[in-house]
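This report concerns only the one structure given below.
Throughout, read-outs are computed from the coordinates displayed, never taken from laboratory work. Just so it is clear, the model here is predicted, and its values are computed rather than measured. No Cβ is skipped: glycine too gets one built from the backbone with ideal geometry, and neighbour counts run over all protein chains shown.
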Amino acid sequence: MRPITARPHPDADADAVGLLKQTQEHQGYPYGDCVRASYASLLEIPIKDIPHFDPRGDQTASERRWLRQRGLDLVIVPIVEGQPPPEVPDDVYHLVSGWSPRHPSHGHRVVGKGGAIVWDPHPSRAGLNKLRAFYFVVPLHPERIAKPAHARVMKRSR
């Protein structure tokens with residue numbers, strides 16, 4: 001596991017293989033779309049296919065509604081100041097929220113892997129001033145995920 005940092009990991013380009021890196025189309029509160037661009041990059045879908053999540057309302061509820069329409073959900077793990085940060089396996093992609101280096105009172109969202117930032121959708125690519133939480137996109141119904149064929153065969157042979 002890598003140390004958690006608010007700046008992109010030095011090997012960010014190498015680590016982000018498989019991401020569809022997308023830059024946010026709009027900047028500045030409340031119209032910036034870093035959240036859209038982060039989901040688009042993480043889920044590898046065009047940014048135009050993701051709604052704008054308005055931070056002036058219940059943004060998390062809006063994100064969850066949108067994800068649930070796709071069979072996904074959101075697990076949010078806060079990063080608490082003064083406590084050890086949560087450990088994230090090196091191969092796990094996730095979103096990271098924190099404070100914008102451009103406007104310290106405004107939130108910003110980026111893509112992480114293993115607890116380190118691998119893609120900042122803002123054109124500056126400056127990362128975050130301070131980390132607030134990890135956002136993990138998970139299957140809504142993990143029990144419905146198809147098991148590999150060899151797992152089914154093994155079960156039948158018992």
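At-a-glance table
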read-out	value
Among Leu67, Ser41, Leu19 the positive-end extreme of the charge dipole of region 12-156 (Cβ point charges)	Leu67
Karplus 3J(HN,Hα) series, Hz, for region 28-41 with 6.51 cos²θ - 1.76 cosθ + 1.60 (x for Gly, Pro)	x, 5, x, 9, x, 10, 4, 5, 4, 5, 5, 4, 4, 5
Distant-in-sequence amide H partners of Leu72 (H built 1.01 Å from N, under 5 Å)	Leu140
Gained length - Trp66 relative to Asn129, 0.36 nm times residue gap less alpha-carbon distance	19.9 nm
Dipole magnitude (debye, nearest 20) for region 12-156, charges at Cβ of Lys, Arg, Asp, Glu	520
Radius of gyration and maximum dimension Dmax of region 12-156, Cα, Å	16.2, 58
Among 55-63, 122-130, the order from most to least packed when residues are scored by Cβ within 10 Å on average	122-130, 55-63
Phi-based couplings in Hz for region 133-144 (Karplus 6.51, -1.76, 1.60; Gly and Pro marked x)	6, 9, 10, 9, 8, 10, x, 5, 10, x, 5, 8
Peptides ranked, highest mean first, by Cβ atoms within 10 Å: ranges 90-103, 65-78	90-103, 65-78
